[in-house]
Amino acid sequence: MKIALMDSGIGLLPAAAAVRRLRPDADLVLSWDPDGMPWGPRTPEDITERAVAVAGAAAAHEPDVLIVACNTASVHSLPAMRARFEPDLPIIGTVPAIKPAAAGGGPVAIWATPATTGSAYQRGLIERFAQDVAVTEVACPGLADAVHHADEAAIDAAIASAAARTPDDVTTLVLGCTNYELVAERIRAAVQQPGRPPLILHGTAGAVAAQALRRIGAEPAPAAGGGTLTVLLSGREATLPDTALSYAEGRFLQAVSPVR
């Protein structure tokens, strides 16, 4: 079994770690775009061009399924990627977890990149699943880029800025960018209000990993082992960079997956 994941940057690490825990025997292909990231400030057309190229680099390794572990690419580029690669290569998109977040009541805040915040796609999810819930969309400029580069000061500044624009009464926070899952607990600490119930965070890594297995008719087998890891940086084979290894998910993948 070979499972590929793509993103603009290292936001694919949480989903890759989730896949690895479900199927330690799967060969993983991680494809991201250091030459072109961040994608958030780009036009939808430019995002799609970059996303299709990064997906193509992964597809050349003939995976059984491709996870688009990027909210921005999923919002803007899924139709183009599906037209290009399906049905030969199933494509699993990643969208903000608004439906499960809204099911818990609210109020809800959605942290996302500027490209995702206010997009027709995200607004459609809110209208479809959260009509009866108070929802605040919070754009987080610079946070995804700071996480990608493991820039601690920039991460702290971006989180503080977004937290200051998040209503004090939110009970649930949607992490609408896969990079944010790498600093989820730092986000929780910044948003959690004293005396309030514990903040509920909704990411997507576990859900997309499980959906990828379902799509190819595979069952979880956490006791299996032996899967390898291939890393593609803007199409070039490489090893996990130091920035990836600054996060627990990256260190986990390196520890359990021999690099091919």
| request: Say whether the condition of being open to solvent by 40 Å² or more (accessible area, probe 1.4 Å), hydroxyl-bearing (S, T, Y) and either within 16 Å of M6 (Cα to Cα) or touching a His at 6+ places or on another chain (Cβ under 9 Å) (or both) is met by at least one residue in region 217-239. | output: yes
| In region 246-260, which residue that is among the aliphatic types (A, V, I, L, M) and in a helix (DSSP H, G or I) is least open to solvent (accessible area, probe 1.4 Å)? | L253
| Do the conditions hold for T116, that is, is it assigned to a loop (DSSP other than H, G, I, E, B), under 19 Å from L12 (Cα atoms) and in contact with a helix residue (DSSP H, G or I) (Cβ under 8 Å, 6 or more places away or on another chain)? | yes
| query | Looking only at residues in region 218-245 that are assigned to a strand (DSSP E or B) and of a type in the set (D, E, K, R), which one is nearest to A18 (Cα to Cα)? | reply | E237
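Criterion first (among the aliphatic types (A, V, I, L, M) and over 27 Å from E152 (Cβ atoms)) does I216 satisfy it?
Details: among the aliphatic types (A, V, I, L, M): yes; over 27 Å from E152 (Cβ atoms): yes.
When the stated conditions are applied, I216 passes them.
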| request: Test A53 against the stated conditions and say whether it is without any contact (Cβ under 8 Å) to a residue 12 or more places away in the chain, hydrophobic (A, V, I, L, M, F, W, C) and surrounded by fewer than 24 Cβ atoms within 10 Å (Cβ to Cβ). | output: no
| task | Only residues in region 175-201 that are among the acidic types (D, E) count as the first member; pair them with residues that are surrounded by 15 or more Cβ atoms within 10 Å (Cβ to Cβ), Cβ under 8 angstrom, at least 6 apart or cross-chain, and list the lot. | result | E181/G11; E181/P14; E181/L175; E181/G203; E181/T204; E181/A205
| said: Considering only residues that are under 15 Å from T136 (Cα atoms), at pLDDT 95 or above and in contact with a helix residue (DSSP H, G or I) (Cβ under 9 Å, 6 or more places away or on another chain), which ones fall in region 169-194? | reply: V170, T172, L173, V174, L175, V191
| remark: Picked from region 195-204 (must be touching a helix residue (DSSP H, G or I) at 6+ places or on another chain (Cβ under 7 Å) and either part of a loop (DSSP other than H, G, I, E, B) or modelled with pLDDT under 95 (or both)), the residue surrounded by the most Cβ atoms within 10 Å (Cβ to Cβ) is T204
| Which of the residues belonging to region 15-45 are over 19 Å from E62 (Cα atoms), touching a residue at least 12 places away in the same chain (Cβ under 8 Å) and open to solvent by 10 Å² or more (accessible area, probe 1.4 Å)? | A18, R21, L22, P34, D35, M37, P38, G40, P41, R42, P44
| said: Criterion first (open to solvent by less than 20 Å² (accessible area, probe 1.4 Å), hydrophobic (A, V, I, L, M, F, W, C) and over 21 Å from G142 (Cβ atoms)) does A209 satisfy it? | reply: yes
| task | Just give me the residues in region 5-39 being closer than 18 Å to T72 by Cβ, small (G, A, S) and modelled with pLDDT of 95 or more, in sequence order. | result | A15, A16, S31
| request: Would you point out the residue of region 57-101, among those that are assigned to a helix (DSSP H, G or I) and touching a residue at least 60 places away in the same chain (Cβ under 8 Å), that is surrounded by the fewest Cβ atoms within 10 Å (Cβ to Cβ)? | output: P100
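The values are calculated or read from the model by the stated rules, or taken from the named source; none is laboratory data. The model shown is predicted, which means the values in this text are computed figures rather than measured ones. Because the Cβ atoms are built from the backbone with ideal geometry, glycine has one as well, and the counts that use them run over all protein chains shown. All accessible areas refer to the heavy atoms of the entire protein, side chains included, with ligands and DNA or RNA removed. Shrake-Rupley method; radii C 1.70, N 1.55, O 1.52, S 1.80 Å.
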